[in-house]
1. List the residue pairs whose Cβ atoms are under 7 Å apart, where the first residue sits in the stretch 237-255 and is over 21 Å from Asp156 (Cβ atoms) and in a strand (DSSP E or B), the second is of a type in the set (S, T, N, Q) and open to solvent by 20 Å² or more (accessible area, probe 1.4 Å), and the two are 6 or more positions apart or on different chains.
2. If you check Thr385, Thr392, which single one turns out to be within 13 Å of Gly43 (Cβ to Cβ) and β-branched (Val, Ile, Thr)?
3. Does the stretch 322-335 hold any residues that are under 13 Å from Ala269 (Cβ atoms) and surrounded by fewer than 12 Cβ atoms within 10 Å (Cβ to Cβ), and which are they?
4. Could you check the stretch 369-400 and list, in sequence order, the residues that are in a helix (DSSP H, G or I) and either surrounded by fewer than 19 Cβ atoms within 10 Å (Cβ to Cβ) or not acidic (Asp, Glu) (or both)?
5. If we keep just the residues of the stretch 15-67 that are of a type in the set (Ser, Thr, Tyr) and within 19 Å of the chain's Cα centre (by Cα), which is most open to solvent (accessible area, probe 1.4 Å)?
6. Filter the stretch 253-276 down to the residues that are of a type in the set (Lys, Arg) and surrounded by fewer than 19 Cβ atoms within 10 Å (Cβ to Cβ), then identify the one that is farthest from Thr51 (Cα to Cα).
7. If you check Val158 against the conditions, is it over 15 Å from Leu256 (Cβ atoms), surrounded by 15 or more Cβ atoms within 10 Å (Cβ to Cβ) and touching a strand residue (DSSP E or B) at 6+ places or on another chain (Cβ under 9 Å)?
8. Can you tell which of Arg116, Arg44, Arg86 is among the charged types (D, E, K, R), in contact with a Pro (Cβ under 9 Å, 6 or more places away or on another chain) and closer than 30 Å to Thr160 by Cβ?
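The values are calculated or read from the model by the stated rules, or taken from the named source; none is laboratory data. It should be emphasised that the depicted structure is a prediction, and the values quoted were computed from it without experimental measurement. Please note: Cβ atoms are built from the backbone with ideal geometry, for glycine as well, and neighbour counts cover all protein chains shown. SASA here: full protein model, heavy atoms, side chains in, ligands and nucleic acids out. Shrake-Rupley method; radii C 1.70, N 1.55, O 1.52, S 1.80 Å.
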Amino acid sequence: MSLPYEVDVAIIGAGAAGLGAAHALENSGLSTIVLEARDRVGGRAHTIMATPAILFDVGCGWLHSADKNSFVKIAERLNFEIDKTRPPWREQGSHIGFPPQERAEFIAALDAFYARTEIAEEDHHDTAASLYLEAGNRWNPMIDALSTYINGCELDQVSTHDSNAYEDTEINWRVRKGYGALIATYGAPCPVALSCEVTLIDHSGKHVRLETSRGTLSAGKVIVTVPTNLIADEAIRFHPALPAKFDAARGLPLGLADKVMLALDRPDALPKDGNLRGATMRTAMGSFHLRPFGQPCIEGYFGGRFARELEDAGDGALAAQSIDEIVALLGSDFRRKLKPLSESRWAHDPFARGSYSHALPSHAGDRAVLAAPVDGRLFFAGEATSPNFFSTAHGARDSGERAAGEVLASLTTK
């Protein structure tokens with residue numbers, strides 16, 4: 001849509017948070033526009049068809065805590081089929097590379113680690129989760145690897161208090177046509193200006209002035225939903241500056257979790273919705289979802305420092321590493337059965353610069369700081385502002401709805 005000269009509410013970012021805010025303001029009587037730097041809506045949610053037969057959620061793919069996930073009812077309303085197949089994360093597609101006894105030992109060590117971090121909540125000191133690994137435990141590198149998939153970083157960067165605040169009901173479903181496709185459809189009715197990068201938020205005057213790549217506009221209220229790394233890097237400048245927001249964003253950096261999609265020739269040799277991972281003593285390793293939705297493919301996951309190294313190595317490095325690991329587990333015959341299709345590169349995405357937020361040790365309180373309104377005119381949303389569902393799409397959407405409510409409340413209290 002064209003860029004108006006003036007609006008009541010400008011929303012920066014058409015990810016789940018921005019779209020949630022736009023929907024919440026739909027019948028408010030306020031003029032609203034969503035300013036999106038990309039040429040599409042969805043943000044870190046994006047579904048592509050890697051082939052006509054293989055769907056790939058390049059970003060978020062799971063309806064986490066599905067019994068409390070607001071996108072479940074949205075999916076039902078928009079006629080998106082929900083797949084309730086149990087996630088394969090604690091299972092193994094075959095005993096190759098990870099015998100049942102060793103897997104049971106790993107799960108026991110993992111559960112014991114989580115139990116120790118929960119007890120640590122009684123300690124008022126917000127320390128690194130890595131301090132609660134059992135000294136000398138052979139499974140510590142794999143527990144750390146699991147953190148790179150869950151948090152996007154290793155445990156030495158994870159706040160124990162923040163980790164314990166995350167609400168996981170352990171009910172995880174999927175959207176058959178893609179989570180990114182669902183969010184794009186959810187955003188279709190919203191007033192969005194695409195390819196509109198905001199570079200300055202000037203709140204020094206009576207109205208907030210926004211400088212964008214498509215021109216300048218004035219707004220009475222602004223909802224900022226961009227990822228924390230963009231705020232921390234000052235990709236969007238505030239005038240006057242907001243040092244408390246910069247500090248909070250730096251305490252809530254985006255970790256990195258990347259995905260790669262490989263086509264699989266003769267897929268019937270592997271189980272549908274299986275899991276494959278070697279029992280290695282390395283944190284730098286991938287985890288593989290075999291034949292998601294029964295598709296002829298393998299989806300690989302990499303996180304943390306190792307994912308960043310692979311991104312920095314260039315296009316194709318994630319796929320090459322995946323194929324090497326799969327071949328090491330399943331045999332050399334699989335090298336000719338696997339074909340790279342697509343991979344994410346969220347750290348190199350200029351409008352994300354990472355995957356999802358984690359609080360650094362001693363920074364669990366920064367989520368509330370980042371979420372707090374400024375002068376009744378600037379409001380903040382996004383998954384990083386969610387106290388209990390951070391790092392999720394529904395946490396982002398709900399935060400946008402919360403920020404929209406704050407906008408409306410600010411108008412009634414004048």
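1. Arg237/Thr199; His239/Ser204
2. Details: Thr385 fails: within 13 Å of Gly43 (Cβ to Cβ).
Matching residue, one of Thr385, Thr392: Thr392.
3. Passing the criteria: Gly331, Asp333.
4. As a first pass, look at the stretch 369-400 and keep what is in a helix (DSSP H, G or I): 369-371, 383-385, 393-400.
Within the stretch 369-400, Val369, Leu370, Ala371, Ala384, Thr385, Ala393, His394, Gly395, Ala396, Arg397, Ser399, Gly400 qualify.
5. Quick first cut of the stretch 15-67, residues of a type in the set (Ser, Thr, Tyr) only: 28, 31-32, 47, 51, 65.
After this cut, where a residue has to be within 19 Å of the chain's Cα centre (by Cα) as well, the list is 47, 65.
On the way: Thr47: 31, Ser65: 0 Å².
Here the residue is Thr47.
6. From the stretch 253-276, those of a type in the set (Lys, Arg) are 259, 266, 272; that's our starting set.
Narrowing further to those that are surrounded by fewer than 19 Cβ atoms within 10 Å (Cβ to Cβ): 266, 272.
Values: Arg266: 16, Lys272: 18 Å.
Checking each candidate, the answer is Lys272.
7. Numbers: over 15 Å from Leu256 (Cβ atoms): no; surrounded by 15 or more Cβ atoms within 10 Å (Cβ to Cβ): yes; touching a strand residue (DSSP E or B) at 6+ places or on another chain (Cβ under 9 Å): yes.
In short, no.
8. On the way: Arg116 fails: in contact with a Pro (Cβ under 9 Å, 6 or more places away or on another chain); Arg86 fails: in contact with a Pro (Cβ under 9 Å, 6 or more places away or on another chain).
Arg44 is the lone residue from the list that is among the charged types (D, E, K, R), in contact with a Pro (Cβ under 9 Å, 6 or more places away or on another chain) and closer than 30 Å to Thr160 by Cβ.
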